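Here is the structure we will look at.
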Amino acid sequence: RKDQGRVVTPETQLVIEGFPRSANSFARVAFNRAQKGTVRVASGLHVPAQVIRAARWRIPTLVLIRRPKDAVLSFAIRDPISVEQALKYYLSFYETVEAYGNAYVLGTFEEVAGDFGRVIQRLNDRFGTSFSPFRHNERNVEVVLARVERNSKRKFGEAHWENKASRPVAAREDTKRELERGLDDPEAERLLSRADAVYERLTSS
């Protein structure tokens, strides 16, 4: 029930979805900050059903994507999940939404982090919308990251927010190196290769 406000409905004006740890929180907060009025945004459920429904209802949609290795390691740090499970989740998401590629704009992690205003402009060009682009300067980025940090602390609590936060935190590096060794497993290598392939197909189209 608490997630109902994030579910796409026929009244939704924009959908922002992607695998966890792919700049979802930054994109949502930055988008809302840039708008002059209220826009009904459905985001943050991290399931392809959101994208499929938006495609059927012809709702403007932004799908976010990050390189598989970086995304799954970051996700496995945040949640009690193996790297192999995270890779299967990544594949389930992107191999499903791949079939709906003509119904959304794709934004890479680097594009969102580097010039989100340009990504919003691509949405406007694709869907004929008039969303206000985010002014991607140092001041606005810091305000957005501070808001993301406050949201993480409120959601997960002060004691656990560093592993859960949707912004870079140096304390996670040791855990990341430990999890990275799990990618040497043959099954994980196979899944990662498949995930790399879908990433390349989506970002090169």
Does Leu202 meet the test of being among the aliphatic types (A, V, I, L, M), surrounded by 13 or more Cβ atoms within 10 Å (Cβ to Cβ) and at pLDDT 95 or above? yes
(1) more than 18 Å from the chain's Cα centre (by Cα); (2) open to solvent by 20 Å² or more (accessible area, probe 1.4 Å): which one isn't true of Asn124, the others all being true? (2)
Any chance you could count how many residues in the stretch 116-172 are at pLDDT below 90 and part of a loop (DSSP other than H, G, I, E, B)? 9
Based on what the data block shows, is Val8 touching an Asp or Glu at 6+ places or on another chain (Cβ under 6 Å) and crowded, with 21+ Cβ neighbours inside 10 Å? no
At pLDDT below 90 and of a type in the set (A, V, I, L, M) - does that describe any residue in the stretch 180-187? yes
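The values are calculated or read from the model by the stated rules, or taken from the named source; none is laboratory data. This structure is a prediction, so every number in the text was calculated from the model and none was measured. When we count neighbours, we look across all protein chains shown, and the Cβ atoms used for this are built from the backbone with ideal geometry, even at glycine. Remember, those area values only see protein heavy atoms, side chains included, never the ligands or the DNA or RNA. Shrake-Rupley method; radii C 1.70, N 1.55, O 1.52, S 1.80 Å.
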